[in-house]
Structure formats: structure tokens, C-alpha cells
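Here the structure comes first, spelled out in C-alpha cells, and everything after it is commentary.
The values are calculated or read from the model by the stated rules, or taken from the named source; none is laboratory data. From a predicted model like this one, the values you see are computed outputs, not experimental measurements. Virtual Cβ from ideal backbone geometry, glycine too; neighbours counted across all protein chains shown. For the accessible areas, the whole protein counts, side chains as well, though only heavy atoms, and no ligand, DNA or RNA atoms are used. Shrake-Rupley method; radii C 1.70, N 1.55, O 1.52, S 1.80 Å.
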Amino acid sequence: MSTVLITGGHSGIGLAAAQALAGKKIDLVLAGRSPDRMGQVAGELRAEYGVGVTSLALDLSSLASVRAAAVRLRDMLGSGEVASLDAIACNAGGRFDGEVSPSSDGYERTFATNCLGHFLLVQLALPYLSEHGRVVYTSSSTHDPDSTDGRLVGAVVEPDAVALAGNGKGGLQALSAGKRYSTSKLCTVMYAYELDRRLRTAGSSISSIAFDPGSVPETGFLRGMPKPVRWISASAAMKWVMKRIGAVTSDAEFSGASLAALLTSPDYADVSGKYFQANDGKLSAVRSAQLSYDERRAAKLWDDTKHLVGLAADEEPILLR
Ligand SMILES: NC(=O)c1ccc[n+]([C@@H]2O[C@H](COP(=O)([O-])OP(=O)(O)OC[C@H]3O[C@@H](n4cnc5c(N)ncnc54)[C@H](OP(=O)(O)O)[C@@H]3O)[C@@H](O)[C@H]2O)c1
């Protein structure tokens, strides 16, 4: 029996992935900050599929919460409450509209949630991951400024962790919510590739994969937008228009099943370091943005991120140093 930890597995694409995994008799750890909703979904999955489902309290925007979740995960594995850890889905996150708001650690919230929280979680959980385990990072086609989605949302800026964490502070002009989001998703692809390079150098059997679920407006993703915008975005007419102008389009069921396949299917056992996209009912490996392949920038992003999350030298998994 395998176990997959999925952040945000109680809603949207994460929930669809959790259902697809449970349907394959895979146990789950649902990690998130909404205990009632996670408990409800865990009960439903147990009843419908007969799998083991455990909830793990995790607020990705708080480094203290990520650390507490990693300790709890270690204890659950140690006690046998969770049998093994075979894959991690860094799925939770989103765009946070409105003014720049700082996380409890004082970092810009989009970058803190989408990037710093998952970076620290993966670093702390990696030692518990099984051989041939997988880490799948959910990005977005908005990370590519040359794509339709990237142009619509707002072109990325330099993937500089220190500047992004401090965005809006010290009288500096704040980035738009769209740019904060697209740049966080560029960083996400770069973390996935950098992790892959470090794993390969260390001779590890673990895979690191980047994933674009495509535009799925019917999830909670647009929750910060006015109701009419959410309604129009999820309409069949708008989906048709988006497809026509070259946006990457999908639905929660297909994107969730795609994420589940990347996490566990033998078909994706040997695809570490690649970027997969769910588009119009097809899951395929595609090229990500030109900038995402810049190894010098990725190494700097990694090192700066380590400092921002306060990772001690002895906490960094030996294989990634
Ligand atoms: N939908 C799209 O069009 C689209 C397109 C490209 C990429 N994506 C990406 O796909 C992923 C899933 O999004 P979705 O569309 O399924 O949206 P969603 O329904 O809003 O799900 C997002 C999940 O992230 C969780 N989350 C947000 N902030 C968190 C925090 N601080 N700590 C822990 N969990 C947190 C939410 O938990 P709560 O319920 O507690 O808020 C929720 O479970 C995201 O990474 C998103 O950026 C989505």
C-alpha cells in the first residue's frame, strides 16, 4: 500500500486528485489549514474507497506551521499511523488578490504560500520519502510570459527570492496580484528542476516533476475575484474563448487524475526534471518558460530560499547539499 501526502487535497484540483488516488487504493495524508473540511473529506474518502486518510495541520504561509507539520509527519510515520510516504504533491496555493499582505513571518503572502512553505516542507519531509518516491510541484502556464495565460495574468519578474519575499515593503512599488502569482509559479518550476538536478547528482532514486493543471476556473482558485468574474470565467462560452485564444484549459476531474498519475503511475516513473501540462484532455510533457531552464538563477533562488526559510545546515537533506 502506498501513501501520498497532498497539500490542499480537500478542495479543487487537489480533491479531484485525492479521489483519483483513493480510487486506486492509495492511502492519503491531507495537509492543509482547514481542519473541518479536511476531516469531512477524509471521512468521505474512507467510506467510499476504504483507504486510510489522515489529516495533517499545515498553514503553508507560516514557517512555524510547516515545521510543526513536519514533526507531526515524522511521528505519524514512526508510530505506524501512516505506513509510508511515497509521494508529495505540492498542490495548495493560489493567487491572492488585493493589496500586498505579509505572512506571519513578514513575507509577501503569495510567495510565502506558494513557494517558501512548500520548499521547507519538501526539505523537511524528503528524508522520509521512500526509494523511488516522487515530488510533484503544481505550477501554472502563467509562469511563461510568452504563453497566452502568462500574457493575460501578468508577465513574470526576476525570480529573486529576497525581492519577492519583501515585495511591497520599504516604500517599493508592489507587484500586481497577477505578477506575484505568475512569478511564484515560475519559481515553482525552477525549484522542481533544481531539486531534480540535486537528486541526480546525489544518485537518488527520487523524482521531482513540475505540473501545470491548466485553467480550471470552477475551483476555489478565483475566490478573491468578484462573483460575476468567477461566474463568467467558469461559463462554457468563456472556456470556448480561452481555448480559441490558446490558453491551457482543463477541468478539475482531468487535472486531478493527471496529478494522481504523475504521483503514482508507472508510466511516469522515469520523468524527473520534466514539466507536464494538462491541456484539453491530454497530459503531455512540454517545454516550460525559457527562464525556467536558467541553472545559475535556479541555484541562487534555492540558496536564497534556504536562508529565508531558516533552514539550518543539519536540516538540509544530505543528498541535496
Ligand atoms: N484553477 C486553476 O485555474 C489553476 C490553474 C493553474 C494552476 N493552478 C494551481 O492549482 C493548485 C490548486 O488550485 P485549485 O484550482 O484547486 O484552487 P482551490 O480550490 O482554491 O485550492 C487551493 C488549495 O490551497 C489551499 N491553501 C491556500 N492557502 C493555503 C495555506 N496558506 N496553507 C495551506 N493550504 C492553503 C486551500 O486551502 P483552504 O481551503 O484552507 O483555503 C485549497 O485547499 C494551486 O497551486 C493553483 O495555483 C490552478
query: Relative contact order of the chain: what whole-number percent is it, with Cα pairs under 8 angstrom and at least 6 residues apart?
result: 20 percent
field: Cα→Cβ-extended label distance, 7 Å offset, between V100 and E253, nm
entry: 4.2 nm
field: Cα centroid separation - segment 130-178 against segment 182-261, whole Å
entry: 12 Å
- line: Of the candidates G273, M225, I245, the farthest towards the positive dipole end of the chain (Lys/Arg Cβ +1, Asp/Glu Cβ -1, centred on the Cα centre) is I245
statement: Long-range alpha-carbon pairs in the chain, meaning those over 27 Å apart, account in percent for 38 percent
statement: Here the gain from full extension of R223 to D267, 0.36 nm per residue of separation minus their alpha-carbon distance, amounts to 12.4 nm
- prompt: Roughly what would the spin-label model give for A312 and D36, points 7 Å off Cα along C-beta, in nm?
  reply: 3.8 nm
message: Just to confirm, what accessible area per residue do you get for the chain at 1.4 Å probe, in whole Å²?
response: 42 Å²
statement: So the number of lysine pairs in segment 3-316 with alpha-carbon atoms under 19 angstrom apart, 8 or more residues apart or on different chains, is 8
message: Between D75 and A57, what is 0.36 nm times their sequence separation minus the Cα-Cα distance? Round to one decimal in nm.
response: 5.1 nm
